[in-house]
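Worksheet: one structure, shown below.
Every number in this text was worked out from the coordinates using simple rules, so none of it is lab data. This one's a predicted model, so the numbers in the text were calculated from it and none came from an experiment. Cβ coordinates were reconstructed from backbone atoms using ideal geometry, including for glycine residues, and neighbour counts include every protein chain displayed.
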Amino acid sequence: MSLDYDATEFVDGDFTSQKSAAAAGPVLSAQPPRAPTREEVDSRVAEAQQKLAELKRAQEELERERAALEETRRRQREYQTGRQEMLQNLTRGLGMLEKAEFEARREAEQMAKTLDAFREALGKIEEIHEETWTKENFNTELTRALTTLENSRMEWNAARLKFSVLTSTGEEHAGASEPAAPSGPSLLASLSFGQLCRWGLALTWPLALTALLALAALIVVLARH
């Protein structure tokens, strides 16, 4: 009679478990984390202060960069505004000065022609010598002289219409030649007290007479009642 063979019948389970545990090594028990030492705290504080100092330096650098950018933007804005302003001013001024220069050049040309005409007219008048006139040529020379004076007067009047300086100069000379009229206060100040009284009486006696007549009429009316 044959028997079946089972290999597990000769294996000790307890021995195998103890062997496996011994091979795995001792099991470490869990411990709580320890408190930081003073040296570690001081080190961390120093690191934090160093980081804060670096951040402060970075902030100051950013502030300086921002201020520089703001200044650059302000200067750019000033440049744009100034450029636009000066373009407008210079363009307008150029046109105005060109027009004024043209008018001044034209006026200078007219003034030069007028100066030549004045010199010519003055020379013709100075060439008139009445002492050389004779009885035979008196009427002829007188007519010629009057014609010369009339032509000079026409030239003068035409120039006064063109150039205001001639009109203002003439008016200034005319004003300077006329004596100034004495003013009222200066005239009264030159009178004596008696003269002032006579002046006052001469000016107020009609009013005084009217007042006296009115008073007399009032007295008569009151006396009748």
Scalar couplings 3J(HN,Hα) for segment 120-125 by Karplus 6.51 cos²θ - 1.76 cosθ + 1.60 (θ = phi - 60°), nearest whole Hz, x for Gly and Pro, are 5, 5, 5, x, 5, 5
Simple SL model, points at 7 angstrom along Cα→Cβ for E65 and L52; separation in nm is 2.4 nm
For segment 105-166, whose charge dipole is built from +1 on Lys and Arg Cβ atoms and -1 on Asp and Glu Cβ atoms, the candidate among Q110, F138, L149 with its Cα farthest towards the positive end is Q110
The farthest towards the positive end of the charge dipole of segment 41-103, of the residues L87, L52, A68, given +1 on Cβ of Lys and Arg and -1 on Cβ of Asp and Glu, is L52
Computed ³J(HN,Hα) along segment 85-95: with the Karplus parameters 6.51/-1.76/1.60, θ = phi - 60°, integer Hz and x for glycine or proline, the list is 5, 6, 4, 5, 5, 5, 5, 5, x, 4, x
Filtered hits (lysines, Cα-Cα < 17 Å from K162, offset >= 8 within chain) -> K113
